[in-house]
Structure formats: structure tokens, C-alpha cells
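K.L.:
Please find one structure pasted underneath; my questions will follow.
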Amino acid sequence: MAGKLTTLIRLNKWTVDERRRELGLLLAQEEALNQTLQRLFEELAAEQRFAAEHALEGGALYGAYARAHITRRDGIRTQIAALEKEILAARDRLAEAYRELKTYETAQANREKAERLEEGRREQKIQDEVGQTLHRRRIQTT
């Protein structure tokens, strides 16, 4: 049975690692989207400065740019919101895998402790028998 627990522990460690990798990828995607959003706002600020400085050329085109910016911004925010839901679900899956791993590790530790206690009892029993035998021999020789 100890082999089965060892196998389950190894399998669950692999599962926990997989869940961590999945979460890491999702967090990296979220970070990339946040950086894209940040660059988009920096672009908007640059376009606003240009439109203010060049009222004739920039002012006429700024409205179209602003509408495109709003569309892109909303699209990215929608992606981030969807990704946040995936991240929450991935965190839940990771937590569940970790709890399951800890359950098996605790069971393994309890089993090993019980085995050590049983081994101690056996050794004590052997020592008691040796002591009784020595005692009987001393009594017989006197």
C-alpha cells in the first residue's frame, strides 16, 4: 500500500506543477494585455499632444483615432476581464490539487509514523525477551 501512496504523491506533485504552469501562463497573458493597454494609453496621450500642437492636421483626424482607441481599449479590457475569470478558476484548480497532494502526503507521514512506532514496539519486545532470558539464566545459575 505504501507504494500506491508514493505513486499518488508523485502523480499529484506533477498535477500541482501542471496547475502552476497553467496559472503562470495565464498571469503572463494578463501582464501582456495590461502592458498593451498601458502602451495604448501612452499612444493616446501622444496623439492628444500632436492634435493639440497641430490643430489643422491632427484635429481633423483625432476623432477617428479616438473612436478606434476606445474600441481597442474596450476589447482589451474585455479580454482582461475574461482572463481574470480564467485565472480565478486556475487558482481554484491549483488549490484543489495542492489540497489533494497534502492529503496524500499527510497519509504517508502518518503511515510512516505508525510503522516507526510498530518497529519500536517490536524492538522493545525483543529487548524485553532478551532481558527475561538473561534474568532466568542468572536465577538458574545461582
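K.L.:
Among the residues of segment 79-125, write down those that are hydrophobic (A, V, I, L, M, F, W, C) and within 15 Å of GLU30 (Cβ to Cβ).
P.N.:
Residues satisfying the conditions are ILE80, ALA81, ALA82, LEU83, ILE87, LEU88, ALA89, ALA90.
K.L.:
Now a separate question. Please count how many residues of segment 1-33 are closer than 27 Å to ALA114 by Cα, small (Gly, Ala, Ser) and out of contact with any helix residue (DSSP H, G or I) (no Cβ under 9 Å at 6 or more places or on another chain).
P.N.:
Of the residues in that region, 1 qualify.
K.L.:
Just checking, does segment 71-91 include any residue being touching a residue at least 60 places away in the same chain (Cβ under 8 Å), closer than 30 Å to ARG19 by Cα and among the hydrophobic types (A, V, I, L, M, F, W, C)? Even if it seems obvious, please write down each step before you answer.
P.N.:
Within segment 71-91, the first condition is being touching a residue at least 60 places away in the same chain (Cβ under 8 Å), and the residues that meet it are 86-87, 90-91.
Now narrow it down to the ones that are closer than 30 Å to ARG19 by Cα: 86-87, 90-91.
When the remaining residues are screened for being among the hydrophobic types (A, V, I, L, M, F, W, C), the result is 87, 90.
The answer is yes, given that some residue of segment 71-91 is touching a residue at least 60 places away in the same chain (Cβ under 8 Å), closer than 30 Å to ARG19 by Cα and among the hydrophobic types (A, V, I, L, M, F, W, C).
K.L.:
Can we say THR71 is surrounded by 10 or more Cβ atoms within 10 Å (Cβ to Cβ), under 22 Å from LEU27 (Cβ atoms) and at pLDDT 90 or above?
P.N.:
No.
K.L.:
While we're on this one: Would you tally the residues in segment 59-74 being within 15 Å of THR36 (Cβ to Cβ) and in contact with a Leu (Cβ under 9 Å, 6 or more places away or on another chain)?
P.N.:
So the answer is 3.
K.L.:
Listed residues GLN29, GLN48, GLN38; which is assigned to a helix (DSSP H, G or I) and either of a type in the set (A, V, I, L, M, F, W, C) or without any contact (Cβ under 8 Å) to a residue 12 or more places away in the chain (or both)?
P.N.:
So the residue among GLN29, GLN48, GLN38 that is assigned to a helix (DSSP H, G or I) and either of a type in the set (A, V, I, L, M, F, W, C) or without any contact (Cβ under 8 Å) to a residue 12 or more places away in the chain (or both) is GLN38.
K.L.:
Further question on the same structure: In segment 9-58, what residues are surrounded by 14 or more Cβ atoms within 10 Å (Cβ to Cβ), more than 30 Å from ALA109 (Cα to Cα) and at pLDDT below 95?
P.N.:
LEU44, GLU47, GLN48, PHE50, ALA51, GLY58
The values are calculated or read from the model by the stated rules, or taken from the named source; none is laboratory data. All values reported here derive from a predicted model rather than from experimental measurement. Using ideal geometry, Cβ is built from the backbone for each residue, glycine included, and neighbour counts are taken over all protein chains shown.
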